[in-house]
1. Any idea how far apart Arg156 and Arg133 come out in nm if each label point goes 7 Å out from Cα toward Cβ?
2. Expressed in nm to one decimal, what extension gain is obtained for the pair Lys179 and Asp83 from 0.36 nm per residue of sequence separation less their Cα-Cα distance?
3. Near the amide H of Leu169, under 5 Å away, which other amide H atoms are found, from residues 5 or more places off or on another chain, if H is placed in the peptide plane?
4. Counting only other residues whose beta carbon sits under 15 Å from that of Asp162, what net charge do I get with K and R as +1, D and E as -1?
5. If the cut-off is a Cα-Cα distance under 17 Å, which lysines reach Lys20, setting aside same-chain residues fewer than 8 apart in sequence?
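Any read-out appearing in this document is the output of simple, stated calculations on the displayed coordinates, not a laboratory observation. As the structure is a prediction and not an experimental result, all values here were calculated from the model. All Cβ positions, glycine included, derive from the backbone under ideal geometry; neighbour counts span all protein chains shown.
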Amino acid sequence: MAYGGYEAAGAAARRHRAIKILLAGGFGVGKTTLVGAVSEIKPLRTEEPMTENSIRTDNTTGVERKTTTTVAMDFGRITLREDLVLYLFGTPGQERFWFMWDELALGALGAVVLADTRRLADCFPAIDYFERREIPFIVALNCFEGSRRYEKEDVRVALDLDPGMPIILCDARSKESAKEVLIALVEHVLSVADEPVSR
């Protein structure tokens, strides 16, 4: 027996689909900025002022003007259709917060590893994390003003990535650029899903 449309609402809820995507990378690489640029809602941010201790602990090379840091996660949403929503979760970049990654990664379709070519080694932990857990990912090079540009193949060699791994250039401040990053990830996830399983 339906009560006040309860059954109809329950049926609609079952048809709703959600896609979860992680954004990971080193400290100060632009994860919070990318979530904010592309989210249709005001993003949930867990930014806190950097303290004297965090300035001594975190490598701020290349991001000396950074005054806040993510201590838990960033969260944003994009409605793709009435019944399909994409949820973005930005991971904290500092090692002391990595324990949260396992919880954030549960149910993720894939991930974007955001990289800064001035501090390329900072994205190795994220790459290792997703490779070990077999979570599909792409690498997005956030093109900071004044930073040296490298050829994608040079970055591929430096990061020891497979030839088929997508590497794209982006500007985390740009909504259109952020959309291109997410589209590239979904295309990569679909292509990986189509590959035959090796035995």
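1. Roughly 2.6 nm, to one decimal.
2. Values: separation 96, 0.36 × 96 = 34.56 nm, distance 1.91 nm.
Separation in residues times 0.36 nm, less the Cα-Cα distance, equals 32.6 nm.
3. Sorted by chain and number, the residues that satisfy this are Leu141.
4. Values: positive: Arg132, Lys152, Arg156; negative: Asp128, Glu131, Glu134, Glu153, Asp160, Glu195.
Residues near Asp162 contribute -3 overall.
5. Lys31, Lys179
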